[in-house]
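Enquirer: Quick one: this structure, given as structure tokens, is what I'll be asking you about.
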Amino acid sequence: MKILLVEDDPDVQAPILERLRSEGFEVDACADGQTAIDLGLENDYHAVLLDPGLPIFSGEQVIKRWRGAGRTFPIIVVTATRTMSDQVRELIRLGANQYIGKPIIDYDILVEWVRSFSNARGGVAGGAIVAHGDIEVDTTTFTVRLRGKRVSPGLSNDEFAILRELVLAAGHPLTPVELASRALDEREGPKDALVATYVQRIRRKLGNAAITTAGGGRGYAAG
């Protein structure tokens, strides 16, 4: 599988490059928007990892050029924020499929996403829907469906990010620390209490069965 990594910070690029190649991926790497545009137009990548803050052309401009030219490879944005920020929303609206915050703490989940999107490429441009059980999370429209029905009122940015990580984990339990590191920016205070608050709010909107307590009471899983 051929991957394009676009990241201008060598301290971020190097470990991602090393990990992907160790997993057997063929990886091209570049550090500016112009080279990214050229490589994306010249090659049929299985997936792309894209830093939005690039020199010459921004990540937003790069995505516009690729999607405008009909390139449909999956794009995972590697962003400085772990939350569903306005910038992330706009990049997904333009055609990105997923995002992950940096510095990257869990390289396993990044590799899992790259492999998953690579296997599913073709017709995936413009967002992604992930599902587990009765829950469906749409990262294009930032909506949640439960048993096919849209959840209303909708989830806040942080609630959405927490639920998204649980759904992506496909029923495997995540500890509060894991959830906080994957879904939230650095926040002060105990992670157990912070995540428990968001879980309680999500349960109020989706029902208690949507998120189960797992791992001997030390973690959570999508129901």
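Laboratory data are not the source of any read-out in this text; all were calculated from the coordinates shown. Please read these numbers as outputs of a predicted model, since none were measured by experiment. All Cβ positions, even for glycine, are placed from backbone atoms using ideal geometry, and neighbour counts span all protein chains on display.
Enquirer: Show which lysines lie in cross-link reach of Lys2 when reach means a straight Cα distance below 23 angstrom and same-chain residues fewer than eight apart are skipped.
Expert: Cross-link targets: Lys64, Lys102.
Enquirer: Okay, moving on. Do me a favour and compute the ellipsoid semi-axes for region 2-119 from its Cα gyration tensor, root of five times each eigenvalue, largest one first, whole Å.
Expert: 18, 16, 14
Enquirer: Now for a separate question. Two-decimal Rg/Rh of region 129-222 from alpha-carbon positions, Kirkwood Rh?
Expert: 0.93
Enquirer: Extension gain Ile129-Asp38, at 0.36 nm per residue separation less the Cα-Cα distance, in nm?
Expert: Full-extension gain reported as 29.9 nm.
Enquirer: Give me the log10 of I(q) over I(0) for the chain at q = 0.08 Å⁻¹, as the Debye formula computes it from C-alpha points; what are the numbers?
Expert: -0.28
Enquirer: With charges only on Cβ, +1 for K and R and -1 for D and E, what is the dipole size of region 2-119 about its Cα centre, in debye, rounded to 20? Before the final figure, lay out the partial values.
Expert: Values: 12 positive and 19 negative charges, 97 e Å.
It comes to approximately 460 debye.
Enquirer: Give me the lysines in straight-line cross-link reach of Lys149: C-alpha distance below 19 Å, same-chain residues under 8 apart excluded.
Expert: Result set, ordered by chain and number: Lys205.
Enquirer: Considering only DSSP beta bridges where both residues belong to the chain, give the percentage that are antiparallel (nearest 5). Present the calculation step by step, with values, prior to reporting the outcome.
Expert: Details: 15 of 31 bridges.
Roughly 50 percent of the DSSP beta bridges within the chain come out antiparallel.
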